[in-house]
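Q: Before I ask anything, let me first share the structure, which is written out below as structure tokens.
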Amino acid sequence: MIEKMEAQLGLARKIKAVDPQDVAERVINSHFLPDLIGNLRSFSKQKVRCTKCGAKYRRPPCRGHAQVRGNIVLTVHEGSVRRYLETSLRIADEYNVRHYTKQRLELLEIEMRVAVRER
């Protein structure tokens, strides 16, 4: 996905009839923001899973382990939530997209830090 976006922005820079800033903003708003928001939502509402028996729980058990004494792990990993955030922020700065779009990305970054810290 990142390679496709880089190729699209490289082409936008070469074609004089195309505004690279507009292309960058459209890519961020149509692809990256919905993906980031959806991944953050799934991370904040995720279940936990026992590594030994595979049982899934809505909340971590009070004992800290499942009935079969297996470890409890998250079902959605932090890396999948942060996957496109750094790229989106870099593109927003590099192509000087609208302030509103930059603020949305910065707010998502703050929400991700809070969500990851709470887990």
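The values are calculated or read from the model by the stated rules, or taken from the named source; none is laboratory data. In this text, all values refer to a predicted model and were calculated from it rather than measured experimentally. Quick reminder, even Gly has a Cβ in these numbers, built from the backbone with ideal geometry, and neighbours come from all protein chains shown. Each accessible area value is taken on the protein alone, full model and side chains, heavy atoms only, with ligands, DNA and RNA left out. Shrake-Rupley method; radii C 1.70, N 1.55, O 1.52, S 1.80 Å.
Q: Is region 92-101 home to any residue that is touching a Phe, Trp or Tyr at 6+ places or on another chain (Cβ under 8 Å) and of a type in the set (V, I, T)?
A: no
Q: Given (1) surrounded by 13 or more Cβ atoms within 10 Å (Cβ to Cβ); (2) under 18 Å from R104 (Cα atoms), identify the lone condition not met by P61.
A: For P61, the failing item is (2).
Q: Further, regarding this structure: In region 64-81, what residues are open to solvent by less than 70 Å² (accessible area, probe 1.4 Å), assigned to a helix (DSSP H, G or I) and touching a residue at least 12 places away in the same chain (Cβ under 8 Å)?
A: Within region 64-81, S80, V81 qualify.
Q: Which ones in region 84-97 are surrounded by 17 or more Cβ atoms within 10 Å (Cβ to Cβ) and not in a helix (DSSP H, G or I)?
A: Y84, Y95, V97
Q: While we're looking at this one, here's another question. Could you check, for region 46-53, whether at least one of its residues is in contact with a Leu (Cβ under 7 Å, 6 or more places away or on another chain) and not aromatic (F, W, Y)?
A: yes
Q: Another question about this same structure. Does D35 meet the test of being under 18 Å from E106 (Cβ atoms) and in a helix (DSSP H, G or I)?
A: Here the answer is yes, as D35 does meet what is asked.
Q: State whether the residues of region 98-115 include one that is surrounded by 11 or more Cβ atoms within 10 Å (Cβ to Cβ), in contact with a Pro (Cβ under 7 Å, 6 or more places away or on another chain) and hydrophobic (A, V, I, L, M, F, W, C).
A: Checked region 98-115: no residue is surrounded by 11 or more Cβ atoms within 10 Å (Cβ to Cβ), in contact with a Pro (Cβ under 7 Å, 6 or more places away or on another chain) and hydrophobic (A, V, I, L, M, F, W, C).
Q: Considering only residues of region 16-57 that are open to solvent by 70 Å² or more (accessible area, probe 1.4 Å) and touching a strand residue (DSSP E or B) at 6+ places or on another chain (Cβ under 8 Å), which is nearest to T101 (Cα to Cα)?
A: Across region 16-57, the extreme among qualifying residues is K47.
Q: Among the residues of region 13-24, what is the count of those that are more than 15 Å from E86 (Cα to Cα) and in contact with a helix residue (DSSP H, G or I) (Cβ under 6 Å, 6 or more places away or on another chain)?
A: Initial filter on region 13-24 (more than 15 Å from E86 (Cα to Cα)): 13-23.
When the remaining residues are screened for being in contact with a helix residue (DSSP H, G or I) (Cβ under 6 Å, 6 or more places away or on another chain), the result is 13, 18, 20, 23.
Qualifying residue count, region 13-24: 4.
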